[in-house]
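See structure below.
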Amino acid sequence: MAADLHLHSHFSDGTYSPEEIVGHARRLGLRAIALTDHDTVEGCARAAAACAREGLEFLSGTELTAELDGHEVHILGFAVDPTHPRLLRELAMFQSVRQDRVREMVERLNALDIPLSADAVFALANCRSPGRPHVARALVQGGFCVSLDQAFDRYLKLHRPAWVPKFKISAHAAIDLIHEAGGLAVMAHPGLNHNDRLIAPIVAAGLDGLECWHTKHSADASGRYLAYARQHGLVVTGGSDCHGLSKGKPLIGTVRLDWDHFEHLKQRLAARRLAPPHPG
Ligand code: AMP
Ligand code: FE
Ligand code: FE
Ligand code: ZN
């Protein structure tokens with residue numbers, strides 16, 4: 001029995017619907033999934049309903065873009081209440097900043113004589129939480145680039161002309177928000193930061209767990225994070241970070257979290273809910 005706890009749907013920059021994700025999860029023999037769209041929990045109710053029909057366990061989730069000492073870190077919130085008013089207010093603000101960022105990227109492309117419109121990107125994205133992958137898809141669709149990689153390499157990645165910095169809340173604020181919404185805060189793909197010294201201060205800020213297994217983690221990295229998590233009493237998670245068909249082959253099910261880790265996560269969640277609210 002295994003779980004894939006890092007999945008994106010078309011409510012952010014994935015291409016599958018929540019129901020398609022659950023269908024794939026069932027066919028691949030997964031027993032539990034979490035939906036972790038960027039800055040939104042909109043797909044969670046539909047994913048939960050589909051999981052209930054298919055007999056899978058489900059955790060609602062989201063992936064927040066946070067910042068620590070100038071470094072971008074991604075924080076996963078697992079089992080957050082998808083109706084929590086303050087969570088929804090904050091997510092709406094992150095979404096509106098994302099939409100402004102798309103407009104700014106489009107303006108920069110226009111300045112390069114690429115006649116893309118923000119409306120074309122929004123129509124293609126068809127979600128409240130658009131990002132660079134949607135701009136890249138619009139560039140390919142409009143015939144301005146031959147591939148998503150080319151769109152990123154030429155225009156959208158750091159140091160390229162249409163790159164626009166992304167708004168980030170502090171890692172501390174992200175963790176507090178997830179806790180307030182009833183969830184567990186887990187640092188996503190720490191291996192992508194290539195800077196393990198970021199982990200200790202995030203743990204000190206109240207982090208509950210580490211995503212030890214991820215598509216882009218080497219076996220060495222996973223082992224290192226697993227040892228760190230054990231040493232510091234952190235929950236251990238893992239997921240494929242599947243974005244559907246947007247990055248070639250769908251990744252769902254290619255990273256599988258063992259069931260005992262999933263059970264441990266649920267125990268930690270139950271303990272947290274029984275514990276009195278922590279001060280501050
Ligand atoms: P954003 O959150 O708007 O900054 O966009 C980040 C997303 O872009 C993440 O899901 C990345 O995986 C994706 N991304 C980054 N580089 C590339 C690339 N070369 N091709 C496709 N997707 C990419
Ligand atoms: Fe993404
Ligand atoms: Fe991420
Ligand atoms: Zn992700």
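Computed values, structure above
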{"read-out": "Failed criterion for residue 149 (all others in (1) of a type in the set (D, E, K, R); (2) crowded, with 20+ Cβ neighbours inside 10 Å; (3) in the same structural domain as residue 112 (by TED's automatic domain parsing) hold)", "value": "(2)"}
{"read-out": "Subset of segment 258-279 that is open to solvent by 70 Å² or more (accessible area, probe 1.4 Å) and assigned to a loop (DSSP other than H, G, I, E, B) - its residue that is modelled with the lowest pLDDT", "value": "279"}
{"read-out": "Exclusive hit being open to solvent by 10 Å² or more (accessible area, probe 1.4 Å), touching a Cys at 6+ places or on another chain (Cβ under 9 Å), under 26 Å from residue 124 (Cβ atoms) and assigned to a loop (DSSP other than H, G, I, E, B), set 24, 10", "value": "10"}
{"read-out": "Where a residue in segment 64-86 is in contact (Cβ under 8 Å) with a residue 12 or more places away in the chain and of a type in the set (D, E, K, R) and its partner, wherever it lies, is assigned to a strand (DSSP E or B) and away from ligand 4 (no atom under 16 Å from the Cβ), with Cβ under 8 Å and at least six apart", "value": "67/169; 67/170"}
{"read-out": "Scope segment 50-86; condition within 16 Å of ligand 3 (Cβ to nearest atom) and within 16 Å of residue 17 (Cα to Cα); matching residues", "value": "61, 62"}
{"read-out": "Single residue of 210, 226, 245, 251 found to be open to solvent by 20 Å² or more (accessible area, probe 1.4 Å), in contact with a strand residue (DSSP E or B) (Cβ under 7 Å, 6 or more places away or on another chain) and not in a helix (DSSP H, G or I)", "value": "251"}
{"read-out": "Out of 116, 177, 139, 184, sole residue that is touching a Phe, Trp or Tyr at 6+ places or on another chain (Cβ under 8 Å), in contact (Cβ under 8 Å) with a residue 12 or more places away in the chain and not assigned by TED's automatic domain parsing to the domain that holds residue 102", "value": "184"}
{"read-out": "Selection count, segment 16-33, where residues are out of contact with any helix residue (DSSP H, G or I) (no Cβ under 9 Å at 6 or more places or on another chain) and within 16 Å of ligand 4 (Cβ to nearest atom)", "value": "0"}
{"read-out": "Criterion: under 29 Å from residue 230 (Cβ atoms) and open to solvent by 40 Å² or more (accessible area, probe 1.4 Å) - qualifying residue of 200, 185", "value": "200"}
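The values are calculated or read from the model by the stated rules, or taken from the named source; none is laboratory data. Owing to the predicted nature of the structure, the values given are computational and were not obtained by experimental measurement. Positions of Cβ are backbone-derived with ideal geometry, glycine not excepted, and every protein chain shown enters the neighbour counts. Just so you know, the surface numbers come from the protein's heavy atoms only, side chains and all, with ligands and any DNA or RNA stripped out. Shrake-Rupley method; radii C 1.70, N 1.55, O 1.52, S 1.80 Å.
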